[in-house]
Structures are given as structure tokens and as C-alpha cells.
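Below: the structure, in C-alpha cells.
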Amino acid sequence: MAAPIISIVHTDFSYVTFTKQSGFSGAWHDLFHRQKSTVAAIQDVSLQVNRGEILGLLGANGAGKTTLIKLMTGILPANTGSVRLFTDEIPFRKRAAFLQRIGVMLSQKSQLAWDLPPLDTLVLLREIYHIPRDQFTSWLAFLTKELAVTPQLHVPVRKLSLGQRIKFELICALIHRPEILFLDEPTIGIDVSSQANIYRFLKQLNHDIQMTIILTSHNTKDIEALAQRVAVINHGKKIFDGTTTGLISRYATVPILEIVTDGPLAPLPTHVKQVDNTHYEVNATALVALPIDPRHILSVNRRNGSLDAILTQLFSEEAPKQ
């Protein structure tokens, strides 16, 4: 069996924060007696990713998923444990050969120069990554065509729409044809059509050239559309690793079925609660079959069996006491 392309073993990362007091006297006090505290961002996380896999990292704000991305890309060093990419590469060493093999798109960090057209930034990246001109030209033409932004190559970034800027940020991360692509909130703030275009494109890259993709997103549609596997990070710890279906099956509570019928039900069957004339709820905990004639059912939806519902349940839990 081939070795995983990413291997994280019992890794921890903590950062130090300082408390600042208000006023001149507080600032004077802080000058000599700064109050600091240590926050555990990642705690004993182990994770393996195989080549050609699309992994979704899920977690609430501050859960540690972006920190985990930074550990894998070499932005931060692990305090304990090990992080290895491509079998033996330690990301924090930032060797040129390693950086050539990864692409990173962080939603809060832009590579594009605000007053210049995207092409200028991409030409700069061509020189940084030593990409042959003919290879650069053909690959760029493919990327801009697939993401429908060819006409905007020469338009200053400040005049582009948010969706167009996001697509060019993605192109910046892909211009050197990385083996692993890290995406942190790649579709934040863009419309449904642009999201669908990005989903299709990323799945094409994954299928055609076996590109490994690590994705974090608060938009569960990103995860459901792309991820073959998900890892859930909560309060710095990995609490689940498996498929989205497995996640829902494991954490779903009482199954409530929302049913729409072609007309009012009379009399109202047992275990059925009426919401309006044709909308009903059924507690399916002890049911073997629906208590409603299937000929009158227009739609059935499991309300708390969605990924959104499961994550809301998980992330609302308090952090475990240390």
C-alpha cells in the first residue's frame, strides 16, 4: 500500500496571547508585567491523507482547522508530534522543492495586487516558480477558460467582482500545477453559479491529474459537493474522521420527517403532527413504516439528518474542561 501523501501524528500547537489593560497606567503596568496565557489550538491530532483524495476539514470559528492548514503548509511549526508531506518533507523547513509541490489559497490573504490586472501577478508567479513560458501560457489559458475569467485577465483587480477575484486567487494557487492544493473558505461570499463552476472544476482536476485537495469551509455545500472524506475539528481535537454519511449517521438524534402531502389528512394519523394544511411532521423513532398513504406524499425530508443540523449540534457543545 502506498504511503499517505500527508501524515500528521499526535500533533499539538499552542499560541501565546497577551492581555492589555486600558488607560495610561494599564499600559505602563503592561510594559513591565505583561499578563499572558497559552491557548491550545491543536491537541493530539493524527490524520492521514492519501494521494488523490479530497478531504474536508470542518470546525467552528476558532476550532483549529485553519491552524491545521498552516501546520501542513509550513506557515507554523508543530510544538510536538510530527507533520510530514510527501513521505519525508517537514513543511516548516520551507524547502523550495517542497513549496513547488503545494498550492495554497487562504480566503483572508490575497496574492493579487489591487491596482494591477491579474495577469501581472500571474507573470510574477511564473518567474517565482520558474515555469517555462509555453507551459505557463497553455496552462493559464486552460484555467481561465474553465473558470470563465479569460476576458478579465487585463482588468485591474479593484474593478473585478468578488467572484472573479476568488477565481483568480484560485488560479494563483494552481498556476504551478501543485500536487496538493489547500483551500481555506474558497467560495466565501460568491454566488451559486460561481460556486457550481468551482465545484465542477476542482472535481475535474482531482479526477484528471489526481490532485490532492484539502478543503475547509463553513459552507456545507462545499463539503457535500467535493469532499470524499471529512475530518471534524472541535476545540482543537479531532472528533470524527470518515464520510459525510457516516458523520450524519453517528450524530443524528431523533429523526424528524417533514412530509408534504397533496391535501389535508383526515383523520390525523398517530405520530403525525400537523404544521399547516399539507405540511406534517413525523417522529420516526419507533416507526417501521410511514403512517401516511404513499400515494398522497409529495416529498419527505429528514430535518435533523442534514450536515448543517449535525454541525450545529456538535459546535454548540462547550469545550471540555482541561
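Residue-level analysis places Val83 outside the set of residues that are closer than 18 Å to Gln164 by Cα and of a type in the set (Val, Ile, Thr). Listed by first and then second residue, the pairs linking a residue in segment 224-239 that is free of Cβ contacts under 8 Å to residues at least 60 places away in the same chain and assigned to a helix (DSSP H, G or I) to a residue that is surrounded by fewer than 18 Cβ atoms within 10 Å (Cβ to Cβ) and of a type in the set (Ser, Thr, Tyr), with Cβ atoms under 6 Å apart and 6 or more places separating them unless they lie on different chains, are Ala225/Tyr199. Only residues that are on the phi > 0 side of the Ramachandran plot and over 9 Å from the mean Cα position of the chain (by Cα) were counted across segment 182-202, and they come to 1. All conditions but one from (1) modelled with pLDDT of 95 or more; (2) surrounded by fewer than 20 Cβ atoms within 10 Å (Cβ to Cβ) apply to Ala60; the one that does not is (1). Pairs meeting the criteria (first residue in segment 9-21 and outside any strand (DSSP E or B), second residue surrounded by 13 or more Cβ atoms within 10 Å (Cβ to Cβ), beta carbons under 9 Å, at least 6 apart or on different chains) are Lys20/Asp30; Gln21/His29; Gln21/Asp30. Filtering segment 78-92 to residues that are in a loop (DSSP other than H, G, I, E, B) and in contact (Cβ under 8 Å) with a residue 24 or more places away in the chain leaves Ala78, Asn79, Phe86, Thr87. In this structure, Arg34 qualifies as in contact with a Phe, Trp or Tyr (Cβ under 7 Å, 6 or more places away or on another chain) and free of Cβ contacts under 8 Å to residues at least 60 places away in the same chain. Only helices (runs of 4 or more DSSP H) whose full extent lies in segment 95-201 are considered here, and the ones with at least 3 residues that are touching a residue at least 24 places away in the same chain (Cβ under 8 Å) are 118-128, 133-146, 162-174. Filtering Gln135, Gln164 for residues that are surrounded by fewer than 18 Cβ atoms within 10 Å (Cβ to Cβ) and either among the β-branched types (Val, Ile, Thr) or assigned by TED's automatic domain parsing to the domain that holds Thr187 (or both) leaves a single hit, Gln135. Out of segment 22-58, which residues are on the phi > 0 side of the Ramachandran plot and outside any strand (DSSP E or B)? Selection gives Gly23, Gly52. Keeping to segment 242-283, report how many residues are among the polar types (S, T, N, Q) and surrounded by 12 or more Cβ atoms within 10 Å (Cβ to Cβ). The number of residues fulfilling the criteria is 7. Selection of segment 60-77 for residues being within 13 Å of Gly236 (Cα to Cα) and either outside any helix (DSSP H, G or I) or over 19 Å from the mean Cα position of the chain (by Cα) (or both) yields Ala60, Asn61, Gly62, Ala63, Gly64.
When Leu247 is tested against (1) more than 24 Å from Met105 (Cα to Cα); (2) part of a loop (DSSP other than H, G, I, E, B); (3) in contact (Cβ under 8 Å) with a residue 24 or more places away in the chain, exactly one condition is not met: (2). If the condition is being at pLDDT below 95 and surrounded by fewer than 18 Cβ atoms within 10 Å (Cβ to Cβ), then segment 174-198 contributes Ile188, Gly189, Asp191, Val192, Ser193, Ala196.
The values are calculated or read from the model by the stated rules, or taken from the named source; none is laboratory data. This structure is a prediction, so every number in the text was calculated from the model and none was measured. Counting neighbours? That spans all protein chains shown, and the Cβs are built from the backbone with ideal geometry, glycine included.
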